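Colleague: Provided herewith is a single structure, encoded as structure tokens, for subsequent inquiry.
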Amino acid sequence: MPKSAVDLAAELLGLPKASLEDLEIHQFKDDSAAHDDVAMQQLHADFESKFERAQSELSARYGEPIRTGDDHDEDIPLGGVNRFAVWSVETKLLYLAFAHEDRECPILLMMGTVLR
């Protein structure tokens, strides 16, 4: 069963420290799978859709993000960020990120918090 973005956000926001957890990770089974351009395009489209759905759910709960983008953000400790959204929630920043650093690396849909 896929993780709920809102449930994971509540869990992370309840922790006393900064945290980072996955909503979904795609690991490639071998090198040829990582270099299949058609499959890669489909995976990116799937993760894009999942990012948008999670962003919509989080926005319904926490309001509109204070910033969004499609590249690196200083508060997100991930490389290869394709999309991100950041919310200010009480004393923390909550972020959602879709990242894929390189073909051989996993595709990530991650959520985390940063203490302000």
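FYI, it's all coordinate maths here, none of it is from the lab. All figures in this text were calculated on a predicted structure; none of them were measured in a lab.
Colleague: Long-range amide H contacts for Arg83: which residues qualify at under 5 Å (H placed 1.01 Å from N, peptide plane, sequence gap of 5 or more or a different chain)?
Modeller: Long-range HN contacts for Arg83: Phe98.
Colleague: Give, in whole angstrom and from largest to smallest, the semi-axes √(5λ) of the equivalent ellipsoid of region 5-115, with λ running over the eigenvalues of the Cα gyration tensor.
Modeller: That gives 26, 13, 12 Å for the three semi-axes.
Colleague: Where a ≥ b ≥ c are the square roots of the eigenvalues of the C-alpha gyration tensor, would you call region 1-52 rounded, which needs a/c under 1.5, or, failing that, prolate if a/b is larger than b/c, or oblate?
Modeller: It comes out prolate by the Cα gyration axes.
Colleague: Hey, another quick one. So which aspartates and glutamates pass the test for Lys3, namely a Cα distance under 13 Å, with those fewer than 8 places away in the same chain ruled out?
Modeller: Within the straight-line cut-off, Lys3 pairs with Glu11, Glu21, Asp22, Glu24, Glu57.
Colleague: Right, another one. Quickly estimate the mean residue ellipticity at 222 nm for the chain, helices only: each DSSP H run with n ≥ 4 gives -39500 (n - 2.57), and the total goes over all residues, rounded to 500.
Modeller: Value at 222 nm, helices only: -10500 deg cm²/dmol.
Colleague: Considering amide H positions built from the backbone, and no H for Pro or chain starts, which residues 5 or more places from Ala18, or on another chain, come under 5 Å of its amide H?
Modeller: For Ala18, whose amide H was placed from the backbone, the distant partners under 5 Å are Leu115.
Colleague: Quick one: 3J(HN,Hα) in Hz for region 46-60, Karplus 6.51/-1.76/1.60 with θ = phi - 60°, rounded, Gly and Pro as x.
Modeller: 5, 5, 4, 4, 5, 4, 4, 5, 5, 4, 4, 5, 5, 5, 5
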